[in-house]
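S.K.: Sharing a structure, written as structure tokens. Questions coming.
Please treat every number below as a calculation from the coordinates, not as lab data. Keep in mind that what you see is a predicted model, and the values were worked out from it rather than measured. Reconstructed Cβ throughout: ideal geometry from the backbone, glycine too, with neighbour counts over all protein chains shown.
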């Protein structure tokens, strides 16, 4: 009888430990199991080279969301980037989205520059103004070959 009680107590502690590890994995991995408190908007870019799903979306250096998915808009031959933005923040319809790099060879992220409009983008709406990423290899190649404009 004593052995069964000990095994039950050990089993409960192991189960609690596994649940804690699962919780920490989700939180530290910045995953959302139930969708979180976000809404989705999208922007179109000519070039999103190096941008990945899960990249941060920032305003003034503060993370306000994540890149949800990146698709090719075949009709316009542009990249369509879907952003999940914290629902406590409302984006003006004249916000500018740009693909930026952390440091010289760092990760890519989306920087949003707020506008001054009183009209806000609805969930599922489009960010009209965008700036594509700068391709460093292309710039160096142009400089080396003398095609700088």
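S.K.: Mind sorting 69, 102, 84 by how few other Cβ atoms lie within 10 Å of their own Cβ, fewest first?
M.R.: 102, 69, 84
S.K.: Would you mind ranking 49, 88 so that the residue whose beta carbon has the fewest other beta carbons within 10 Å leads the list?
M.R.: Fewest to most other Cβ atoms nearby, the residues stand as 88, 49.
S.K.: Right, next: Once the Cα atoms of helix 2-28 and of the chain are each reduced to a long axis, what angle between those two axes, in degrees from 0 to 90 to the nearest 10, is obtained?
M.R.: 10 degrees
S.K.: Let me ask something else. To the nearest 500 deg cm²/dmol, what mean residue ellipticity at 222 nm is calculated for the chain from DSSP H runs of n ≥ 4 alone, each contributing -39,500 (n - 2.57), summed and divided by the residues?
M.R.: -8500 deg cm²/dmol
S.K.: Now for a different question. If you take every DSSP beta bridge fully contained in the stretch 38-133, what fraction is antiparallel? Give it as a percent rounded to 5.
M.R.: Percentage antiparallel, nearest 5: 80.
S.K.: Round to the nearest 10 and give me the degree value, 0 to 90, for the angle of helix 136-145's Cα axis relative to the longest principal axis of the chain.
M.R.: 30 degrees
S.K.: Fewest Cβ neighbours within 10 Å first, please rank 138, 131, 77 accordingly.
M.R.: Ordered from fewest to most neighbouring Cβ atoms within 10 Å, 138, 131, 77 come out as 77, 138, 131.
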